[in-house]
Amino acid sequence: MNWMERGACRDSDPELFFPLTWETHPTLARRICRDCPVRVQCLTWAVDTGEPDEVWGGTTPAERRRIRSG
Ligand code: SF4
């Protein structure tokens, strides 16, 4: 999980990545993820572990469920 230390979100408000926020303002978290240098690692980890909450790798939980069922 060393990639987390290089995440573009490390200095961002964590609230942006929690469900109550991204459901109303999903683009704020996605905008941060879009240019993140470890987006691929983050998304891969979230899909592989079945992370059920929050925005990871620019995706919502519903989007990751679709990827897993793909
Ligand atoms: S992809 Fe998004 S959630 Fe993942 S480390 Fe980067 S900024 Fe954070």
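The values are calculated or read from the model by the stated rules, or taken from the named source; none is laboratory data. Note that the structure is a prediction, hence the values are computed from the model and not measured. Cβ atoms come from the backbone with ideal geometry, glycine included; neighbour counts cover every protein chain shown.
Restricting attention to region 56-69 and to residues that are surrounded by 11 or more Cβ atoms within 10 Å (Cβ to Cβ) and of a type in the set (S, T, N, Q), the residue that is farthest from the ligand (Cβ to nearest atom) turns out to be THR60. Can you give me the number of residues within region 16-51 that are at negative phi, more than 11 Å from the ligand (Cβ to nearest atom) and either at pLDDT 90 or above or under 10 Å from the mean Cα position of the chain (by Cα) (or both)? Qualifying residue count, region 16-51: 4. Considering only residues that are of a type outside the set (Asp, Glu) and not in a helix (DSSP H, G or I), which ones fall in region 42-51? Correct list: GLY50 only.
Applying the condition of being under 14 Å from CYS9 (Cα atoms) and not in a loop (DSSP other than H, G, I, E, B) to region 52-70 and asking which residue is nearest to the chain's Cα centre (by Cα) yields TRP56.
The condition of being in contact (Cβ under 8 Å) with a residue 24 or more places away in the chain and surrounded by fewer than 16 Cβ atoms within 10 Å (Cβ to Cβ) holds for only one of ASP53, ASP48, that being ASP53.
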